[in-house]
Amino acid sequence: MNNPIPYGRQNITEEDIEAVVSTLKSDYLTQGPKIAEFEEAFANYVDSKFAVAVSNGTAALHLCALALNVKQGDKVITTPITFAASANCVRYCGGEVVFADIDPETYLLDIDNVRKLLEAEPKGTYKGIVPVDFAGRAVDLEAFRKLAEEYDIWIIEDSCHAPGGFFADSKNQKQFCGNGNFADLAIFSFHPVKHIACGEGGMITTNNDKLYEKLLQLRTHGIVKDDNKYKNSIDFAVGSSVSSSGVENYPNWYMEMQDLGYNYRLTDFQAALGSSQLKRAEEGIEKRRALATKYQEAFKNKNFIKGQSGVVEGHAYHLYILKVENRLGLYNYLRENKIFAQIHYIPCHLMPYYRSLGWEEGDLPVAEQYYKNCISLPMFPSLTEDEQEFVIEKINSFYGD
Ligand SMILES: *Cc1c(COP(=O)(O)O)cnc(C)c1O
């Protein structure tokens, strides 16, 4: 009998363990130097100016929505084929989520559908777009930026599936997911099924210094610790009149809570694990791309295949997706053989919560059809050649091939 093969799995090395243990023995378990180290290394990796580490990807999305000032009734567009958090962040702030259908070939938010929504309402109706680099395939954000500028709206790139992914822009330059050249803000997750595992963890990247400052503040309770930014007087801070005594500075203990923020911090030992994992990120992507090439070759001429992720330049391959007939049969057959394929995703607009807000079957036909056929195959750097061959063989044998 073979070992169980999941669709995704983290990879923890001795070096990772050593990084965590040495942080546990240091002075800081949280709010120490490992956070800034991880942020700097991550910004460098995705080619952005700033990075802000947070407790998970969902917290990252929430802070982005807050920093962009999403309010009651604000309309924001996203894709239904994503993890619910991409949409939920808008709801946390009282905004309205408007789902737009996907492209049947790329499975990404279809820009033409987004344009139709924007054109149908007076300018100012929509405030932003949350495109998702779904499965690890980079959204063409250059095109989305152009559209966003026409309508004066912001972009949050949900890049949870795509650290290290990129697309080639109109000048044939590589544009890395989350590099901040087109999106206002981008977010990542370090949940163990994602490329870089911290247990829980997230990151926001941006090139915008105002948004960066705001995120830092919102991450810790809305607290500001900077003499130049205080709103209360020095007299108040000191507790007595200081004009006569010549004191010019705020006392060292002083700080101000200026906004309603949260505690969305990452711990230092998680950041140490993240930095250690990040060193192997490129190697991991190379392995994922090799696995994708093999799947693509194995299934390219099979008549039971209705579509697949395929080989796409810059794809980060968080997932490798097949579209098949008799998906339930295949899923169960693979399980019998201890191959734990997964389904990504149940369309978000048809979750009971979003149905309760008025969404129904038939609203987004391409996404709904995609859901009926999709299945995510095992895809992670430590998947062995034998294991991948076993997966391919079992899929072929299920369809009598
Ligand atoms: C994983 C994921 C999230 C949420 O990240 P968490 O760290 O689990 O909160 C958001 N969006 C997408 C597309 C994801 O895959």
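What's the total number of residues in segment 370-401 that are free of Cβ contacts under 8 Å to residues at least 40 places away in the same chain and either in contact with an Asp or Glu (Cβ under 6 Å, 6 or more places away or on another chain) or surrounded by 14 or more Cβ atoms within 10 Å (Cβ to Cβ) (or both)?
0
So, in segment 160-180, how many residues would count as being assigned to a loop (DSSP other than H, G, I, E, B), in contact (Cβ under 8 Å) with a residue 60 or more places away in the chain and touching a strand residue (DSSP E or B) at 6+ places or on another chain (Cβ under 8 Å)?
9
Looking at segment 114-148, which of its residues are crowded, with 24+ Cβ neighbours inside 10 Å and aromatic (Phe, Trp, Tyr)?
Within segment 114-148, 134 is the sole residue that qualifies.
Find the residue count for segment 120-140, including only residues that are in a strand (DSSP E or B) and either within 26 Å of residue 105 (Cα to Cα) or without any contact (Cβ under 8 Å) to a residue 24 or more places away in the chain (or both).
Residues flagged as in a strand (DSSP E or B) and either within 26 Å of residue 105 (Cα to Cα) or without any contact (Cβ under 8 Å) to a residue 24 or more places away in the chain (or both) within segment 120-140 amount to 4.
Return the residues of segment 300-328 that are crowded, with 21+ Cβ neighbours inside 10 Å, touching a strand residue (DSSP E or B) at 6+ places or on another chain (Cβ under 8 Å) and either of a type in the set (Lys, Arg) or not in a strand (DSSP E or B) (or both); say none if nothing qualifies.
Of everything in segment 300-328, those that are crowded, with 21+ Cβ neighbours inside 10 Å, touching a strand residue (DSSP E or B) at 6+ places or on another chain (Cβ under 8 Å) and either of a type in the set (Lys, Arg) or not in a strand (DSSP E or B) (or both) turn out to be 309, 319.
Name the residues in segment 195-251 that are β-branched (Val, Ile, Thr) and within 30 Å of residue 183 (Cβ to Cβ), would you?
196, 204, 205, 206, 220, 223, 224
Scan segment 352-368 and report the pairs whose first residue is within 25 Å of residue 105 (Cα to Cα) and whose second residue is surrounded by 10 or more Cβ atoms within 10 Å (Cβ to Cβ) and among the β-branched types (Val, Ile, Thr), with Cβ atoms within less than 6 Å and a gap of 6+ or a chain change.
Short answer, once both residue conditions are applied: 366/102; 367/81; 367/102.
Could you please tell me which pairs satisfy a Cβ distance under 6 Å, a separation of 6+ or placement on different chains, a first residue in segment 196-211 that is under 22 Å from residue 288 (Cα atoms), and a second residue that is open to solvent by 10 Å² or more (accessible area, probe 1.4 Å) and assigned to a strand (DSSP E or B)?
As it stands, the answer is 202/189, since those pairs meet every condition given.
Specify which of the listed residues (58, 13, 23) is touching a residue at least 24 places away in the same chain (Cβ under 8 Å) and surrounded by fewer than 21 Cβ atoms within 10 Å (Cβ to Cβ).
13
Of all residues in segment 341-356 being open to solvent by less than 70 Å² (accessible area, probe 1.4 Å) and assigned to a helix (DSSP H, G or I), which is farthest from residue 373 (Cα to Cα)?
354
Which one of these does residue 209 not meet: (1) away from the ligand (no atom under 16 Å from the Cβ); (2) farther than 15 Å from residue 67 by Cα?
(2) is the only condition that residue 209 fails.
Among the residues of segment 131-184, what is the count of those that are more than 16 Å from the ligand (Cβ to nearest atom), of a type in the set (Asp, Glu) and in contact with a helix residue (DSSP H, G or I) (Cβ under 9 Å, 6 or more places away or on another chain)?
So the answer is 4.
I need a count of the residues in segment 205-240 that are among the basic types (Lys, Arg) and surrounded by 11 or more Cβ atoms within 10 Å (Cβ to Cβ).
4
Could you list, in sequence order, the residues of segment 67-85 that are assigned to a helix (DSSP H, G or I) and either within 12 Å of the ligand (Cβ to nearest atom) or surrounded by fewer than 22 Cβ atoms within 10 Å (Cβ to Cβ) (or both)? Walk me through it before giving the result.
If we filter segment 67-85 for residues that are assigned to a helix (DSSP H, G or I), which is where we start, we get 67, 85.
85, the sole residue that qualifies.
State which residue is nearest to residue 93 (Cα to Cα) when the search covers only segment 209-245 and only residues that are hydroxyl-bearing (Ser, Thr, Tyr) and not in a helix (DSSP H, G or I).
Taking the candidates together, the pick is 220.
The values are calculated or read from the model by the stated rules, or taken from the named source; none is laboratory data. Given the structure is predicted, the values throughout are model-derived calculations rather than measurements. Glycine gets a Cβ as well: all are built from the backbone with ideal geometry, and neighbour counts include every protein chain shown. Keep in mind that these areas ignore ligands, DNA and RNA; they rest on the heavy atoms of the full protein, side chains included. Shrake-Rupley method; radii C 1.70, N 1.55, O 1.52, S 1.80 Å.
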